[in-house]
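Asks: If you scroll down you'll find the structure; I have some questions about it.
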Amino acid sequence: MKFMNELKSLVSLNIPYKVIYTKYKRLVIKFDRKGVLNIRSPKIVKFDEIEKFVDSHLDWIKNHFEAFNKNVRSYNNGDEYLYLILPVRIINQ
């Protein structure tokens, strides 16, 4: 089994991430809808370089991760929300 390197700065902040090796010619960081940080990298880039790139953009990552967590909506029993302009009541069974 191959040992996978970890991005220590993201692990220490409890930010979920995926490193995806692609045919891209540059490093790209982007959050998906679930709040997971996708790091797209060319196949030839070493993991140390990816780690340096992430560390240099850590402020951006923190700000966007915090903003994502603020937008997470919780649904409680009896709450009412609009869905397609109609009110819908949440009922937990």
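The values are calculated or read from the model by the stated rules, or taken from the named source; none is laboratory data. Since we're looking at a predicted model, the values are computed, not measured. Methodologically, a virtual Cβ is constructed for each residue, glycine included, from the backbone with ideal geometry; neighbour enumeration extends over all protein chains shown. Surface accessibility is based on the protein's heavy atoms, side chains included, excluding ligands, DNA and RNA. Shrake-Rupley method; radii C 1.70, N 1.55, O 1.52, S 1.80 Å.
Asks: Criterion first (closer than 20 Å to residue 70 by Cβ and either part of a loop (DSSP other than H, G, I, E, B) or at pLDDT below 90 (or both)) does residue 26 satisfy it? Let's see the steps before the verdict.
Replies: Working: closer than 20 Å to residue 70 by Cβ: no; either part of a loop (DSSP other than H, G, I, E, B) or at pLDDT below 90 (or both): yes.
Answer is no for this residue.
Asks: Are there any pairs, at least 6 apart or on different chains, whose C-beta atoms fall under 6 Å, with the first in region 43-64 and more than 15 Å from residue 13 (Cα to Cα) and the second at pLDDT below 95 and outside any helix (DSSP H, G or I), and if so, which?
Replies: These pairs meet every condition: 43/21; 47/5; 50/41; 53/27.
Asks: Still on this model: Mind listing just one residue for me: the one in region 13-23 that is open to solvent by 90 Å² or more (accessible area, probe 1.4 Å) and not charged (D, E, K, R) and, of those, nearest to residue 68 (Cα to Cα)?
Replies: First pass over region 13-23, keeping only residues open to solvent by 90 Å² or more (accessible area, probe 1.4 Å): 14, 18, 21, 23.
Narrowing the set further to residues that are not charged (D, E, K, R) leaves 14, 21.
Values: 14: 14, 21: 24 Å.
Filtering region 13-23 for residues that are open to solvent by 90 Å² or more (accessible area, probe 1.4 Å) and not charged (D, E, K, R), the one nearest to residue 68 (Cα to Cα) comes out as 14.
Asks: Would you mind telling me which numbered condition in (1) of a type in the set (Gly, Ala, Ser); (2) closer than 30 Å to residue 91 by Cβ; (3) open to solvent by 40 Å² or more (accessible area, probe 1.4 Å) residue 56 fails?
Replies: (2)
Asks: Restricting to region 33-53, name every residue that is within 13 Å of the chain's Cα centre (by Cα) and either open to solvent by less than 50 Å² (accessible area, probe 1.4 Å) or among the hydroxyl-bearing types (Ser, Thr, Tyr) (or both).
Replies: Within region 33-53, the subset within 13 Å of the chain's Cα centre (by Cα) is 33-40.
Selection gives 35, 36, 37, 38, 39.
Asks: On to the next question. Please specify each residue of region 35-49 satisfying the condition of being among the charged types (D, E, K, R) and in a helix (DSSP H, G or I). Even if it seems obvious, please write down each step before you answer.
Replies: Just the residues of region 35-49 that are among the charged types (D, E, K, R), to begin with: 40, 43, 46, 48-49.
Scanning region 35-49 gives 48, 49.
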